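Chemist: Below is a structure I'd like to ask you about.
The values are calculated or read from the model by the stated rules, or taken from the named source; none is laboratory data. In this text the structure is predicted, and so the values were computed from the model without any measurement. So basically every Cβ, Gly included, is an ideal-geometry build from the backbone, and we count neighbours across all protein chains shown.
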Amino acid sequence: MSVYTPLIKDVAAAARHIAAGRVVAVPTGTSYGLAVDTLQGWAVQRVRVLKQRPADKALTVFMADSLLDEFLDLADSERSLLQLMQNRSLTLLVKPRPSLAHLAQDGLVGLRVIDHPLMRALAMAAKVPLTATSANRSGAAACFTADCITDAFPGLLPDELLQEGDNPRGATGTTYDLSLAGLLDGGELPDKPPTTIAKIDGDTITIARQGALSQEELAQALA
């Protein structure tokens, strides 16, 4: 196990890393994800550079239920579906409030339903919206084990992989540490499909990405 990605069970310690603008891997109901504070611009940039995720690819979010009204403008139908789909593998495209609009794509952000106890505990401890992006390089397979994550992110990102417009100080040998601050230990996760990404249009559910939940399941829940 690499020193820079210690397995941790202390959710409070993970929340402190996130408050400091660092990246923490967290288990979800589908695979491991990478969580940063979405309100810190450098933290969001860190996770993008770490994943090598293009700027035009959106980052999904998750947050404690107590924050939903502060950061999202939810319709009644969206609120009802989220309530019915608790602990299910769903990402719902919803309208953000101005404080989260910087993550919007086509005016919407993907709200990941919390479907793992450690994911919920981290959201409650961090008290900010967190990224829910998968813990893998863009285009690579999802990670279901800690070893997969440490293989995918073996250390500080080499300077030559930084793209034009990224932090000018680079990565290696600087205080801009792109490595993982911690990996919340959820053990080996079952190999499951990703979340279904969906949007409510009036009385209709539109599927943007088919995943663990079918359109029929979602339509029945909305009926």
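Chemist: Take the residues in the range 75-106 that are surrounded by fewer than 20 Cβ atoms within 10 Å (Cβ to Cβ) and of a type in the set (Asp, Glu); name whichever of them is farthest from Thr196 (Cα to Cα).
Modeler: Applying the filter and picking the extreme gives Asp76.
Chemist: Let me ask something additional. If we scan the range 42-63, do we find a residue that is at negative phi, over 11 Å from the mean Cα position of the chain (by Cα), of a type outside the set (Gly, Ala, Ser) and at pLDDT 95 or above?
Modeler: no
Chemist: Sort out for me the strands (runs of 3 or more DSSP E) sitting completely within the range 179-223 that have 1 or more residues that are surrounded by fewer than 14 Cβ atoms within 10 Å (Cβ to Cβ).
Modeler: 196-201, 204-209
Chemist: Tell me which residues, restricted to the range 74-101, are over 20 Å from Pro117 (Cβ atoms), touching a residue at least 40 places away in the same chain (Cβ under 8 Å) and either assigned to a helix (DSSP H, G or I) or not hydrophobic (A, V, I, L, M, F, W, C) (or both).
Modeler: Across the range 74-101, the qualifying residues are Ser77, Glu78, Ser80, Leu81, Ser99, Leu100.
Chemist: How many residues are of a type outside the set (A, V, I, L, M, F, W, C), farther than 14 Å from Leu67 by Cα and assigned to a loop (DSSP other than H, G, I, E, B) if we restrict to the range 103-127?
Modeler: 4
Chemist: Can you confirm whether Arg22 is out of contact with any Gly (no Cβ under 6 Å at 6 or more places or on another chain), under 17 Å from Arg137 (Cβ atoms) and at pLDDT below 95?
Modeler: Taking the combined requirement at face value, the residue does not satisfy it.
Chemist: Of all residues in the range 40-73, count the ones that are among the charged types (D, E, K, R), in a loop (DSSP other than H, G, I, E, B) and crowded, with 18+ Cβ neighbours inside 10 Å.
Modeler: Of the residues in that region, 1 qualify.
Chemist: If you scan the range 162-178, which residues turn out to be surrounded by 14 or more Cβ atoms within 10 Å (Cβ to Cβ), modelled with pLDDT under 55 and out of contact with any Lys or Arg (no Cβ under 6 Å at 6 or more places or on another chain)?
Modeler: Correct list: Leu162, Asp166, Asn167, Gly170, Ala171, Thr172.
Chemist: Further question: Can you report the number of residues in the range 6-39 which are among the acidic types (Asp, Glu) and outside any strand (DSSP E or B)?
Modeler: 1
Chemist: Every residue in the range 26-79 that is in contact with a Gly (Cβ under 9 Å, 6 or more places away or on another chain) and β-branched (Val, Ile, Thr), please.
Modeler: Result: Val26, Thr28, Thr30, Val36, Thr60, Val61.
Chemist: Could you say whether any residue in the range 95-103 is touching a strand residue (DSSP E or B) at 6+ places or on another chain (Cβ under 7 Å), hydrophobic (A, V, I, L, M, F, W, C) and closer than 30 Å to Thr204 by Cβ?
Modeler: Checked against the condition, which is being touching a strand residue (DSSP E or B) at 6+ places or on another chain (Cβ under 7 Å), hydrophobic (A, V, I, L, M, F, W, C) and closer than 30 Å to Thr204 by Cβ, the range 95-103 yields at least one hit.
Chemist: Being in contact (Cβ under 8 Å) with a residue 24 or more places away in the chain and over 15 Å from Ala123 (Cβ atoms) is the filter here, so list the residues in the range 24-40 that pass it.
Modeler: Correct list: Thr30, Ser31, Tyr32.
Chemist: While we're here: Could you say whether any residue in the range 26-39 is surrounded by fewer than 17 Cβ atoms within 10 Å (Cβ to Cβ), out of contact with any Pro (no Cβ under 8 Å at 6 or more places or on another chain) and modelled with pLDDT of 95 or more?
Modeler: Scanning the range 26-39 turns up no residue that is surrounded by fewer than 17 Cβ atoms within 10 Å (Cβ to Cβ), out of contact with any Pro (no Cβ under 8 Å at 6 or more places or on another chain) and modelled with pLDDT of 95 or more.
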